[in-house]
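Everything on this sheet refers to the single structure shown next.
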Amino acid sequence: RPNGALLLEAGPAHGQPSRRMSAPSKEEIAELAVLERIGLNDIAVVSSRAQAEQAFDLLRAKTVLGFDTESKPTFAKDEVSLGPHVVQFSSLHQAHVFQLHDAGCREVVCALLQAQGITKVGFGLAGDHQQILRTLRVTPQNVLDLNAVFRKQGYPKEIGVKAAVAVVLQRRLIKSRKA
């Protein structure tokens, strides 16, 4: 946390205080230096089997990948999303966005999701797991949800990616609302 402050509150057992970390405020985050991001030239949109196989060769060599899914929005009440429609895997210097309308892309994404030697890291992945299981019929393996890590550290249930970047990297993530 930028200023290192902690919130203390009474714990449930024996009146012992438990440490509850507070996420940095918007004002505290605004004071931080901007995090350098991956450039557009380093983001590959993968929409064919050949592209997926090339991406797989690059990604399978990594031990840790950032991971996220996106689905088309639903607009009707009780409408169930048929997603995910896009799955993203990223390393420190590259990102690959797989479009799942292609069978080759789906096969590679399934292989990456099931790869034991690659830790897939992201935020709020419980919903992603459900959609992946329903749509792709695989259970992601070796996944680390950073919300759980922050909860164990004493932060609120979900602190958000901007606050997480501020806490861990002492940087300000600029994230477009359109992204």
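Annotations
- Within segment 75-98, the set of residues being open to solvent by 60 Å² or more (accessible area, probe 1.4 Å) and outside any loop (DSSP other than H, G, I, E, B) comprises GLN88 only.
- Scan of segment 22-59 for residues that are over 14 Å from PHE98 (Cβ atoms), of a type in the set (A, V, I, L, M) and open to solvent by 40 Å² or more (accessible area, probe 1.4 Å), ordered by number: ALA30, ALA33, VAL34, LEU35, ILE38, LEU40
- Being open to solvent by 70 Å² or more (accessible area, probe 1.4 Å) and assigned to a helix (DSSP H, G or I) is true of LYS162.
- Filtered by the rule that a residue be touching a strand residue (DSSP E or B) at 6+ places or on another chain (Cβ under 7 Å) and under 17 Å from LEU35 (Cβ atoms), segment 81-93 gives SER90, SER91.
- For segment 51-74, a residue qualifies if it is touching a strand residue (DSSP E or B) at 6+ places or on another chain (Cβ under 7 Å) and of a type in the set (Ser, Thr, Tyr), and the qualifying residues are THR63, THR69.
- Residues satisfying the stated conditions in segment 120-156, i.e. of a type in the set (Gly, Ala, Ser) and either under 30 Å from ARG106 (Cα atoms) or touching a Phe, Trp or Tyr at 6+ places or on another chain (Cβ under 9 Å) (or both): GLY122, GLY124, ALA126, GLY127, ALA148
- Within segment 24-42, the set of residues being among the aliphatic types (A, V, I, L, M) and over 21 Å from the mean Cα position of the chain (by Cα) comprises ALA30, LEU32, ALA33.
- Search result, residues across segment 99-110 that are more than 12 Å from LEU59 (Cα to Cα), in contact (Cβ under 8 Å) with a residue 40 or more places away in the chain and either of a type in the set (S, T, N, Q) or not in a loop (DSSP other than H, G, I, E, B) (or both): GLN99, ALA103, GLY104, CYS105, GLU107
- Candidates LYS72, LYS62, filtered to the one that is part of a loop (DSSP other than H, G, I, E, B), buried (at least 17 other Cβ atoms within 10 Å of the Cβ) and out of contact with any helix residue (DSSP H, G or I) (no Cβ under 6 Å at 6 or more places or on another chain): LYS62
- Within this structure, GLN141 fails the test of being within 24 Å of GLN54 (Cβ to Cβ), modelled with pLDDT of 90 or more, open to solvent by 40 Å² or more (accessible area, probe 1.4 Å) and out of contact with any helix residue (DSSP H, G or I) (no Cβ under 7 Å at 6 or more places or on another chain).
- ILE159 vs. criteria touching a Phe, Trp or Tyr at 6+ places or on another chain (Cβ under 7 Å) and within 30 Å of LEU32 (Cβ to Cβ): yes
- In segment 111-134, the qualifying residues are those that are modelled with pLDDT under 90 and either part of a loop (DSSP other than H, G, I, E, B) or of a type in the set (Ser, Thr, Tyr) (or both), and the one that is least open to solvent (accessible area, probe 1.4 Å) is LEU125.
The values are calculated or read from the model by the stated rules, or taken from the named source; none is laboratory data. In this text, all values refer to a predicted model and were calculated from it rather than measured experimentally. In this analysis, Cβ positions are derived from the backbone assuming ideal geometry, glycine residues included, and neighbour counts consider all displayed protein chains. The accessibility values were calculated without ligands, DNA or RNA, using every heavy atom of the protein model including side chains. Shrake-Rupley method; radii C 1.70, N 1.55, O 1.52, S 1.80 Å.
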